[in-house]
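Asker: Below: one structure in structure tokens.
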Amino acid sequence: MTTPTSPDRLPEVDAGRLAPTIDAIVEGDFSRSRLTALSDLNRSRAAYLRQRWLDIPPTERHALMLVLAELAGESVEFNFNRVYRVALEDPDPVIRQLAIGDLWEDEGEDLPRIFLNILREDATDDVRAAAADALSATTDAIAEGGSRVLDRGELIGILAEIIEDPTESPIVRRRALGTIAAFSDDPRIPELIRLSLEEDDQALVAGAIYAMGRTASERWISELADFLQSDDAELRFEAARAAGLIGDEDIVPFLAEIVYDPDSEVRAAALDALGSIGGQAAIRVLRQVEQDDEFEEEVSVDDALDAALLTVNPLERQS
């Protein structure tokens, strides 16, 4: 993997405010007025940043990634995608992982291939797992017939090979399974899910449950109902998430049983799933919870109820 370097000769470019901004970051200055110079970089300024990237100490590079993500979340006027692309080559795996996550809005057609190469070649499992997860947007688009940036057969082959490899990192296998599950019409997908369900590693079992939801297939409803009653909170959480993705109303009674789960994340997942599934049964459950003075997560209940109400005819919303 190549990394940004700091040669004696920097590219000839009108750096504008970029040069003093990098100098300020080196000194730990992350003021908003400085960092706006990193937004909407053109190619030449991105090349200049790449050449100077390692002038910034590792601690400051890490802090910079966090601050840029915060700024981008606050306002759509900021676009730091070219900065994130530079960070994809950082020698620090934590920074590479952050960069992958921050590029979720970048629609460049070259990016899926970059993520696929990272998945196959990066030396750090967490980075490879992040790349596998990031490819889910691509598998969704391909499955829906709206993208040909990667060959479907090639992508399924690579992901399936990772999932089936017992020597592969469980976290990478788990993320690859969630990503490949978008190709629910491929007969290998149910086999890969069942293979992972039989693993001793709980991370893989949890990943298989999430993958059930990603297939959007009602064939998994009975299995999800069982997992919603598991003694393990992580499995209940993933089952609730998967139930919401599938959207079958038959699962509502089982979700109703865990809206008071002792685990807060499980409760939140159950509420979200009920909101996504909607229908009168889910609405009744959510209204009962809403009226319970002892239930603490009022905002989550309100949001879920609002979502559920959108699934029924306006005349039925008061019933």
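Asker: Out of the residues in the stretch 42-61 that are assigned to a loop (DSSP other than H, G, I, E, B) and modelled with pLDDT of 95 or more, state the one that is surrounded by the most Cβ atoms within 10 Å (Cβ to Cβ). Please lay out each step first, then the result.
Answerer: Step one: filter the stretch 42-61 for residues assigned to a loop (DSSP other than H, G, I, E, B), giving 42, 56-57.
From what's left, modelled with pLDDT of 95 or more: 56-57.
Numbers: I56: 22, P57: 13.
The extreme case among them is I56.
Asker: Out of all the residues in the stretch 84-108, which are over 18 Å from R174 (Cα atoms), in contact with a Phe, Trp or Tyr (Cβ under 9 Å, 6 or more places away or on another chain) and assigned to a helix (DSSP H, G or I)?
Answerer: Correct list: V86, A87, L98, A99, D102, L103.
Asker: Does A141 meet the test of being part of a helix (DSSP H, G or I) and free of Cβ contacts under 8 Å to residues at least 24 places away in the same chain?
Answerer: Values: part of a helix (DSSP H, G or I): yes; free of Cβ contacts under 8 Å to residues at least 24 places away in the same chain: yes.
In short, yes.
Asker: On to the next question. Output the number of the condition that V259 fails; it satisfies all remaining conditions of (1) within 30 Å of F295 (Cα to Cα); (2) in a helix (DSSP H, G or I); (3) of a type in the set (V, I, T).
Answerer: Going through the list (1) within 30 Å of F295 (Cα to Cα); (2) in a helix (DSSP H, G or I); (3) of a type in the set (V, I, T), V259 breaks only (2).
Asker: If you don't mind, another one. Would you confirm, using the coordinates I've provided, whether D263 is outside the structural domain of D165 (by TED's automatic domain parsing) and over 17 Å from S184 (Cα atoms)? Please lay out each step first, then the result.
Answerer: Working: outside the structural domain of D165 (by TED's automatic domain parsing): yes; over 17 Å from S184 (Cα atoms): yes.
It is true that D263 is outside the structural domain of D165 (by TED's automatic domain parsing) and over 17 Å from S184 (Cα atoms).
Asker: Could you list, in sequence order, all residues of the stretch 249-267 that are surrounded by fewer than 18 Cβ atoms within 10 Å (Cβ to Cβ) and in contact with a helix residue (DSSP H, G or I) (Cβ under 6 Å, 6 or more places away or on another chain)?
Answerer: Going residue by residue through the stretch 249-267, those that are surrounded by fewer than 18 Cβ atoms within 10 Å (Cβ to Cβ) are 249-250, 253, 257, 260, 262-265.
Of everything in the stretch 249-267, those that are surrounded by fewer than 18 Cβ atoms within 10 Å (Cβ to Cβ) and in contact with a helix residue (DSSP H, G or I) (Cβ under 6 Å, 6 or more places away or on another chain) turn out to be E249, D250, D263, E265.
Asker: Looking at S230, is it surrounded by fewer than 20 Cβ atoms within 10 Å (Cβ to Cβ), closer than 28 Å to S184 by Cβ and in contact with a Lys or Arg (Cβ under 7 Å, 6 or more places away or on another chain)? I'd like the intermediate steps shown before the answer.
Answerer: Values: surrounded by fewer than 20 Cβ atoms within 10 Å (Cβ to Cβ): yes; closer than 28 Å to S184 by Cβ: yes; in contact with a Lys or Arg (Cβ under 7 Å, 6 or more places away or on another chain): yes.
So S230 passes the test.
Asker: Going through L310, L286 one at a time, which residue ends up being crowded, with 21+ Cβ neighbours inside 10 Å and assigned by TED's automatic domain parsing to the domain that holds R236?
Answerer: Working: L310 fails: crowded, with 21+ Cβ neighbours inside 10 Å.
Unique residue meeting the criteria: L286.
Asker: May I pose another question? Restrict the check to the stretch 109-122 and report whether at least one residue is out of contact with any strand residue (DSSP E or B) (no Cβ under 6 Å at 6 or more places or on another chain), in a loop (DSSP other than H, G, I, E, B), touching a residue at least 60 places away in the same chain (Cβ under 8 Å) and among the acidic types (D, E).
Answerer: So the first thing to find is which residues in the stretch 109-122 are out of contact with any strand residue (DSSP E or B) (no Cβ under 6 Å at 6 or more places or on another chain), and the list is 109-122.
Applying the additional criterion that residues be in a loop (DSSP other than H, G, I, E, B) yields 109-110, 122.
Filter again for touching a residue at least 60 places away in the same chain (Cβ under 8 Å), leaving 122.
Among the residues that remain, those that are also among the acidic types (D, E) are: 122.
Checking the stretch 109-122: at least one residue is out of contact with any strand residue (DSSP E or B) (no Cβ under 6 Å at 6 or more places or on another chain), in a loop (DSSP other than H, G, I, E, B), touching a residue at least 60 places away in the same chain (Cβ under 8 Å) and among the acidic types (D, E).
Asker: Now a separate question. Is it the case that some residue within the stretch 243-261 is under 24 Å from the mean Cα position of the chain (by Cα) and hydroxyl-bearing (S, T, Y)?
Answerer: no
Asker: Of (1) within 24 Å of V205 (Cα to Cα); (2) more than 13 Å from the chain's Cα centre (by Cα), S147 satisfies all except one. Which?
Answerer: (1)
Asker: Out of A206, A273, A281, A239, I need the residue that is touching a Pro at 6+ places or on another chain (Cβ under 9 Å) and not in a loop (DSSP other than H, G, I, E, B). Which one? I'd like the intermediate steps shown before the answer.
Answerer: Details: A206 fails: touching a Pro at 6+ places or on another chain (Cβ under 9 Å); A273 fails: touching a Pro at 6+ places or on another chain (Cβ under 9 Å); A239 fails: touching a Pro at 6+ places or on another chain (Cβ under 9 Å).
Matching residue, one of A206, A273, A281, A239: A281.
Asker: Another one. Taking the stretch 232-267, which residues are farther than 14 Å from G213 by Cα and among the hydrophobic types (A, V, I, L, M, F, W, C)?
Answerer: The answer is A233, V252, F254, L255, A256, I258, V259, V266.
Asker: What is the one condition in (1) assigned to a helix (DSSP H, G or I); (2) within 21 Å of E164 (Cα to Cα) that I251 does not satisfy?
Answerer: Every listed condition holds for I251 apart from (2).
Asker: Oh, and also: Quick one: is A182 on the phi < 0 side of the Ramachandran plot and assigned to a helix (DSSP H, G or I)? Let's see the steps before the verdict.
Answerer: On the way: on the phi < 0 side of the Ramachandran plot: yes; assigned to a helix (DSSP H, G or I): no.
Judged against the criteria, A182 is not a match.
Asker: While we're here: Kindly indicate whether E191 is crowded, with 16+ Cβ neighbours inside 10 Å, more than 21 Å from the chain's Cα centre (by Cα) and not hydrophobic (A, V, I, L, M, F, W, C). Before the answer, list the steps.
Answerer: Numbers: crowded, with 16+ Cβ neighbours inside 10 Å: no; more than 21 Å from the chain's Cα centre (by Cα): yes; not hydrophobic (A, V, I, L, M, F, W, C): yes.
It is false that E191 is crowded, with 16+ Cβ neighbours inside 10 Å, more than 21 Å from the chain's Cα centre (by Cα) and not hydrophobic (A, V, I, L, M, F, W, C).
So that you can scan it fast, the table gives a plain yes or no per residue for (1) surrounded by 22 or more Cβ atoms within 10 Å (Cβ to Cβ); (2) among the hydrophobic types (A, V, I, L, M, F, W, C); (3) touching a Ser or Thr at 6+ places or on another chain (Cβ under 7 Å):
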| position | (1), (2), (3) |
| --- | --- |
| P93 | no, no, yes |
| G101 | no, no, no |
| E109 | no, no, no |
| A123 | no, yes, no |
| A129 | yes, yes, no |
| S136 | no, no, yes |
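Asker: Sticking with this structure for a sec: Suppose the filter is closer than 23 Å to E70 by Cβ and either outside any helix (DSSP H, G or I) or modelled with pLDDT of 80 or more (or both); does R34 pass it? I'd like the intermediate steps shown before the answer.
Answerer: On the way: closer than 23 Å to E70 by Cβ: yes; either outside any helix (DSSP H, G or I) or modelled with pLDDT of 80 or more (or both): yes.
Yes.
The values are calculated or read from the model by the stated rules, or taken from the named source; none is laboratory data. Because the structure is a prediction, the values reported are computed rather than measured. No Cβ is skipped: glycine too gets one built from the backbone with ideal geometry, and neighbour counts run over all protein chains shown.
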